[in-house]
1. Just to confirm my numbers, what's the Cα centroid distance between segment 136-179 and segment 277-306 in Å?
2. Of the listed values [x] 25, 56, 18, 0; [y] 28, 59, 13, 0; [z] 22, 51, 24, 3, 0, grab the one calculated as P(r) over Cα pairs in 20 Å bins from 0, in percent from the structure here.
3. All other residues with a Cβ under 13 Å from the Cβ of Gly15 taken together, and with Lys, Arg as +1 and Asp, Glu as -1, what is their net charge?
4. Need one number: the % of Cα-Cα pairs in segment 211-326 sitting beyond the 16 Å mark.
5. Note down the accessible area of Asp166, probe 1.4 Å, to the nearest 10 Å².
6. Report, in whole Å, the centroid distance computed from the Cα atoms of segment 62-127 and segment 399-416.
7. Reported to two decimal places, what Rg/Rh ratio describes segment 57-175 when computed on Cα atoms with Rh from the Kirkwood expression?
8. Given a 1.4 angstrom probe, I'd like the percentage of the accessible area of the chain that is carbon and sulfur, rounded to a whole number.
Amino acid sequence: MNSDLSRSCDVFVCGGGVAGTMAAVAAARSGARVILAERYGFLGGNATAGAVAQFNSWQTGRGRKVIAGLADEVVQRLRRLGAAAEHQVFVMSTGHKMDRVEYAPEVLKLVLDDMVSEAGVEPLLHAQLLGVDCEGRQVASVRMLTKSGVMAVKPRVLIDASGDLDALRQAGCRFLPLAQGESLQPATMMFRFGPMDFDRFDSTPKEDIRALAQRGFESGALARAALHASRNPFSQDAWFNISRLSVDATDAMALGQAEILGRKQAWLAAAYLQAHVPGCEAGRLQAFATQVGIRETRRAEGEHILTAQDLMAPVAFDDAIAAGAYPIDIHPAQGGDLVYKAMDDDHAYQIPYRSLVPTQLDNAYVVGRGISADHEALAAIRVMTITMAVGQAAGLAAAMACQSSGPVSTRAVDIVALQQGLLRDGALLA
């Protein structure tokens, strides 16, 4: 190993999706020395490479806001560049009520670049995780494969924001199994389609859209019975979320096959849109997402396993660090439907700090879709608004943990001070 490539830092964030980026920015703004590693040449994860193109679920059904803080800042910065729509409440093609902010994925790359640069985060792009070395319950070194060679990063705190929790796996951590009868949620290949006549598309009765979606699924043209689209700013195009790929994305060979099948599904779906859906007659497939969007792979075993019962009660946690209101939304691996458990009009739930703390390490956090939660709870808290809120909390907590001398203990962080800091920074906890 070339010792010239070694680095030391307070906080090392592995994975530059929106959760990891918010964690890095929050930690750096709080005075920590932060390195943020990402396999692509840009940040954003599913928000950019996956082209999800909308941030869902900012509020309860009655309109009480539950997500703010850095997530709000991302949207404000997008709007200053003309790249985010106003917040809206709408009915999905499946008939379910939802709220969202549509945005341009390409411009989000610039926004995240700016936030990281201004905070003083050191970005390590085009970097792949190679290995993690531990000393007892402490992560001592994370080895990254870079264009310059193997770089050894020695952090005081590791935040695994990789989605698949590759760093925690390399560190030997335990993960939560699926229960009997459960299967991993499928992936989606987003695709951009246009130009569209949005007046016609949006004015088509919802029952007609549902019927068209069902007809497309039954004919084999659509992989699921949905015609869900997010309008792309600057254009007459939309990003469509209507494919379905049953895959364990931690299986390298299966993931490659899913990418190929996803593009095929998108091509067939685009032809169906053009032939049958009002407002889509002049459109064609314009682009595929860089990668399939992954909903679920590994989930960490944490100090608290967040359950669907915790969300539905909802349980008021003394160590709450974020809130959410997104429903339990399970896409089955097979078939065209989804399992959807809506929340009451003013129902919101909390995410506890302990669900970010892996049981087997003292200086690590997990953020994003891999936090310690059961399969059903993950189906609610996996959306990007909530993961941004959780990322912000983990970043601030990591910076606080680094303020002590000696080995870091995430379990020694003052939760009340953490909560006060989050509120001061504009976050919402309930």
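The values are calculated or read from the model by the stated rules, or taken from the named source; none is laboratory data. Treat the numbers as computed from the prediction; the structure is a model and nothing was measured. Quick reminder, even Gly has a Cβ in these numbers, built from the backbone with ideal geometry, and neighbours come from all protein chains shown. To get the accessible areas, we keep the full protein, side chains included, count just its heavy atoms, and leave off ligands, DNA and RNA. Shrake-Rupley method; radii C 1.70, N 1.55, O 1.52, S 1.80 Å.
1. For segment 136-179 versus segment 277-306, the Cα centre distance is 24 Å.
2. Correct label is [y].
3. Here the charged neighbours net out to 0.
4. 70
5. 60
6. 30
7. My calculation puts Rg/Rh at 1.09.
8. Here it works out to 49 percent.
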